[in-house]
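Please treat every number below as a calculation from the coordinates, not as lab data. Note that the structure is predicted; figures quoted are calculated from it, not measured. For neighbour counting, all protein chains shown are included, and Cβ atoms are generated from backbone atoms with ideal geometry for every residue, glycine included.
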Amino acid sequence: QQPVQSPQAVILREGEDAVINCSSSKALYSVHWYRQKHGEAPVFLMILLKGGEQKGHEKISASFNEKKQQSSLYLTASQLSYSGTYFCGTANYGGSQGNLIFGKGTKLSVKP
Amino acid sequence: EAQVTQNPRYLITVTGKKLTVTCSQNMNHEYMSWYRQDPGLGLRQIYYSMNVEVTDKGDVPEGYKVSRKEKRNFPLILESPSPNQTSLYFCASKSTGAITYNEQFFGPGTRLTVL
């Protein structure tokens with residue numbers, strides 16, 4: 001089943017912060033985050049593993065709560081270049097069993 | 001350059017005319033997958049393959065076939081396309097080695113229109 005993302009869409013002004021959430025009804029081994037610009041392929045942002053630490057990528061960071069089967073993506077001091085659709089992908093197992101399922105996405109628009 | 005390639009990038013066809021979308025990766029990845037993307041529905045998985053000769057259905061496999069005879073290639077076959085298969089298709093691959101801290105690479109996408 002697809003993980004559930006919220007919100008579906010968010011509009012920000014440059015410099016504002018945003019949080020995108022991803023939850024699953026099943027136990028998670030890993031959570032992947034991707035960003036997709038209009039008309040392009042999704043681009044990798046980061047992976048969080050079960051038992052792993054919070055990850056960061058410039059002003060974008062994420063957390064993974066294994067007990068709640070949730071992950072959150074934090075965008076700090078947003079820039080125009082952050083606009084796009086963000087997808088979380090979840091895997092219930094690792095290694096050779098780790099099939100990746102994606103959510104419906106969260107559309108982020110950053111205005112000047 | 002490490003990449004996933006798809007061909008064709010754009011295709012307009014008619015109902016019932018068999019077609020194949022090719023996908024190839026040069027990273028020696030074990031795992032490959034096909035997704036379709038439709039507005040508001042995100043990336044829905046069609047089929048995936050954990051290794052050569054091993055394929056499994058995703059969430060929306062009806063009307064599609066795949067094969068994995070070689071590690072690098074994972075073609076998507078539409079035996080009798082219908083208009084509801086008009087969509088943007090992405091192929092992807094990743095390593096599934098002992099270290100699972102591996103990103104998934106996406107191809108550039110194939111925009112298919114079935115009339």
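Some notes on this structure:
- Chain A, relative contact order [Cα under 8 Å, separation at least 6], %: 38 percent
- A:Q1 versus B:E62: modelled label distance in nm, points set 7 Å from Cα along the beta carbon direction: 2.0 nm
- DSSP beta bridge pairing in chain B, given as percent antiparallel to the nearest 5: 90 percent
- Within the shell defined by Cβ-Cβ distances under 11 Å, the residues around B:L11 carry a net charge of +3, with Lys and Arg each +1 and Asp and Glu each -1.
- Put a plus charge on the Cβ of each Lys and Arg, a minus charge on the Cβ of each Asp and Glu, and nothing anywhere else: the dipole of the protein assembly as shown about its Cα centre is then about 320 debye.
- Exposure proxy ranking, count of Cβ atoms within 10 Å, fewest first, for A:F64, A:F44: A:F44, A:F64
- Descending by average beta-carbon neighbour count within 10 Å, the peptides B:55-61, B:14-20 line up as B:55-61, B:14-20, the highest first.
- Seen from B:S49, the other residues with C-beta closer than 14 Å to its C-beta sum to a net charge of +3, counting Lys and Arg as +1 and Asp and Glu as -1.
- Rough spin-label spacing in nm, given labels placed 7 Å along Cα→Cβ, for A:I11 and A:A77: 2.6 nm
- Rounded to the nearest 20 debye, the dipole magnitude of chain A is 220 debye, with +1 charges on Lys and Arg beta carbons, -1 on Asp and Glu beta carbons, and the Cα centre as origin.
- Under 14 Å, Cβ to Cβ, from B:S80 - net charge with Lys/Arg +1 and Asp/Glu -1: +1
- Hypothetical label at B:E70: residues of the stretch B:10-37 whose amide nitrogen lies under 18 Å (7 Å Cα-Cβ projection): B:20-33
- D_trans [Stokes-Einstein, Kirkwood Rh over alpha-carbon pairs] for the protein assembly as shown, 4 °C, 1.567 mPa s, µm² s⁻¹: 72 µm²/s
- Convex hull of Cα atoms in chain A, direction-averaged projection (nm²): 6.7 nm²
- When each of A:K67/B:K94; A:K59/B:K57; A:K37/A:K59 is checked by Cα-Cα distance, pairs over 29 Å: A:K59/B:K57
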